[in-house]
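Asks: Supplied in structure tokens, the structure appears directly below.
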Amino acid sequence: MEQAPGDSRQDAQSLPGCYRHPDRETGIRCTRCERPICPECMVEASVGFQCPDCVRGASGGGPSRSASRPRTLAGGTVSEDPRLVTKIILGVCLAAFLAQMAVGDRFTERFELLGRAYVPLLGSLEGIAEGQWYRLLTAMFLHGSYIHILFNMLSLWWLGGPLEAALGRARFVALYFVSGLAGSALTYLLAAPNQPSLGASGAIFGLFGATAVLLRRLDYDMRPVIALLVINLIFTFSWANIAWQAHIGGLVAGVIVGYAMVHAPRERRSLVQYGTCAVVLAAVVLITLLRTAQLT
């Protein structure tokens, strides 16, 4: 039955309507402006609920919805699975290794890092100098043996999860790929052009460097990661058939990018973080162009 306009007793008992949807009665009010809001308009705040206008800052300069989300140390969004990207990269490496085992050398020689050389199995002159820049990236997912992939994937799992949780997914992806590409570029520059190279070690050494920076930033005990890094560097320069250039290039890039990630000023955080990544990538492009000019 419709309410009579003049029935004051009924008016006193009815609830106010939402300020955006007047036909919806509600007993909830915005904790900032105290306007009535219906369930559709409620935005959960640290205390109670706020209306969309206050969340957008239109009424009293309230924080945006994105600004109120929990953030990582580096400013990334906290995710439910802090190891998701690490798992994906690990899965891609394993899938690539299975493809190597199934297809054989033809697959590996098509995607490994190679400066410039004639490859009998492919019957052509191959390499980055021949315009195959993709090798800088694809080599990061290939491995030469079971031991090689085992050690790299264990290191990726041990270092990747904590770093991904501390940086956030997007920043972790940037760190990983920039470090890996820097390692590939330095290998291309310094190694013999006919010497093939492959492995995720350059990117993983970048994770080592960023982990050391992060532990320093948090004032944690750095001795365990420093000890592991030293051991890995000893292996790098003492064992044959190890592309030390990839390890050093990835490590240097990881330290630079990691420092930018965890020390960037809050007001210019994204600009400093991704700007640093862009600078390192520009160096990768420059190195690649210079080496290509030398070989062609």
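Asks: Which residues, taken from region 69-92, are assigned to a helix (DSSP H, G or I) and small (Gly, Ala, Ser)? Working first, answer last.
Replies: First pass over region 69-92, keeping only residues assigned to a helix (DSSP H, G or I): 84-92.
Scanning region 69-92 gives a single hit, Gly91.
Asks: Let me spell it out: the conditions are (1) surrounded by fewer than 21 Cβ atoms within 10 Å (Cβ to Cβ); (2) among the aromatic types (Phe, Trp, Tyr); (3) farther than 17 Å from Gln294 by Cα, and Phe141 meets all of them except one. Which number is the exception?
Replies: It fails just one condition, (1).
Asks: Identify, from the list Val262, Val230, Val280, the residue that is out of contact with any Gly (no Cβ under 7 Å at 6 or more places or on another chain) and without any contact (Cβ under 8 Å) to a residue 40 or more places away in the chain.
Replies: Val230
Asks: If you don't mind, another one. Any idea how many residues of region 222-271 are surrounded by fewer than 16 Cβ atoms within 10 Å (Cβ to Cβ) and β-branched (Val, Ile, Thr)?
Replies: Qualifying residue count, region 222-271: 4.
Asks: Take residues that are farther than 28 Å from Ala278 by Cβ and modelled with pLDDT under 95 and tell me which of the helices (runs of 4 or more DSSP H) falling wholly in region 93-197 contain 1 or more.
Replies: Values: elements: 105-111, 135-138, 146-167, 169-190.
Answer list for region 93-197: 105-111, 146-167.
Residue by residue, here is whether (1) of a type outside the set (Gly, Ala, Ser); (2) at pLDDT below 90 holds:
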| position | (1), (2) |
| --- | --- |
| Asn232 | yes, yes |
| Gly249 | no, no |
| Val252 | yes, no |
| Val255 | yes, no |
| Ala278 | no, no |
| Ile287 | yes, no |
| Leu295 | yes, no |
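Asks: Restricting to region 119-146, name every residue that is more than 26 Å from the chain's Cα centre (by Cα) and β-branched (Val, Ile, Thr).
Replies: Across region 119-146, the qualifying residue is only Val119.
The values are calculated or read from the model by the stated rules, or taken from the named source; none is laboratory data. Everything numeric in this text was worked out from a predicted model, so none of it was measured. A quick note on method: Cβ atoms are made from the backbone with ideal geometry, for glycine too, and the neighbour counts reach across all protein chains shown.
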